[in-house]
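These notes are about the structure you will find just below.
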Amino acid sequence: MSSSSSSSSYYPKEVIDPHHHFLDTANQPFQTFMNKFATNVTYLPEDYTRDVIEPLAKVGVKMIGTVHVEAMPDNGVQEVAWVEQMMVTMEGSSSGNINYYVKGYVASANLTDDTIEQQLQQLVDCVGKFENGTTATHVATTRHDGIDLLKSPRFEQGLALLEKYNLSFDLQCAPIQLVETASTLFAKYPSLQVCIDHLGKPRTILGNDLLDDGSVNPNVTVDEAELKVWREGMTAMAKLPNVHVKLSMLGYACPGWMRTKERQEVLKSLVRETIELFGANRCMVAWNWHVNGAVSDADNMSYSDEDKDRLFAGTAKEFYRIG
């Protein structure tokens, strides 16, 4: 990976957002589970256009596509069909400046279910406008609290089907799972493209953002035990050429990272370490909008423009086959 320092502000000409969500928990029957956590929350394509696409356009940055990621729906097929219909409706009413920007899906599917192959076929059929449905849908998995699905033989049977349907897999798990299970499991499927979500999810490495009295937590001592597990898992995963990673949900790793220079430096070092492990060609900046969108640009990242283009668009375009 090449690198060069530049004091000038960097804005990529094109970006892809490979991780965002739409919600309408009060009105959609497949969002009853999510409604327990995000009660009566609505965030739709027109909101994303207003909050993300239009502000980017004002500074000369073109959004060339996004990937909608499942928001823990009760039914993954219904969620994808809902987003597809909203996109079609938006395109039909567009003036031409804003159109069908969702180019791929990370859909929810329970890989341990007896009907998983039927679910995968339904998902592929649901997004048939993209090359006959063979390149658009990418699969996450339904969450099961307290159960490590990566250790389940039935889960692995379902995982093996993804290659048959030309699908990739978005992995969201705890760092210890990267160490104990994920690196061994995904090494068995070298043709399956895998993306680790949210930086591998190191958790609150500087502690909570605020103290009990509401003041900013002054701690600048990193939780080395947490980082040791994360580093071991990410190093093992980086050795697998089919594995990529999203640089996202930074506030989970370091809550309130933007509040102090010291916290910013800790987070920067974490992001840089991830990029060094995987290379810019396997890393992608993702925004997790609207939950915790990115709040900084690429100033002083000390990477070449070529690498920045990979981070902000190229890697996601390649992984999710957007084009």
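No value in this document is a laboratory result; all are computed from the given coordinates. Just so it is clear, the model here is predicted, and its values are computed rather than measured. We place every Cβ from the backbone using ideal geometry, glycine too, and count neighbours over all the protein chains shown.
Below are the figures for this structure:
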{"read-out": "Alpha-carbon Debye profile of region 184-267, log10 I(q)/I(0) at 0.13, 0.14 Å⁻¹", "value": "-0.49, -0.55"}
{"read-out": "Efficiency of FRET between Thr235 and Ser152 - r from beta-carbon atoms, R0 25 angstrom, step 0.05", "value": "0.50"}
{"read-out": "Protection-proxy order for peptides 34-42, 15-23, 48-56, each taking the mean of Cβ atoms within 10 Å per residue, highest first", "value": "15-23, 48-56, 34-42"}
{"read-out": "Region 147-247: trypsin sites (Lys or Arg not before Pro) in DSSP coil with no more than 12 other Cβ atoms inside 10 Å", "value": "Lys188, Lys239"}
{"read-out": "In order through region 48-64: 3J(HN,Hα) via Karplus (6.51 cos²θ - 1.76 cosθ + 1.60), integer Hz, x for Gly, Pro", "value": "5, 4, 5, 7, 10, 5, 5, x, 5, 4, 5, 9, x, 9, 9, 7, 9"}
{"read-out": "Region 213-253 shape via C-alpha gyration tensor axes, a/c threshold 1.5", "value": "oblate"}
{"read-out": "Length gained when the stretch Asn27-Glu46 is fully extended (0.36 nm per residue, less Cα-Cα span)", "value": "5.2 nm"}
{"read-out": "Gap separating the Cα centres of region 157-171 and region 188-238, nearest whole Å", "value": "26"}
{"read-out": "Spin-label pair Thr221/Ser191, simplified geometry with 7 Å Cα→Cβ offset, distance in nm", "value": "5.2"}
{"read-out": "Residues Glu54 and Asp114, FRET efficiency given R0 of 56 Å [Cβ-Cβ distance, rounded to 0.05]", "value": "0.80"}
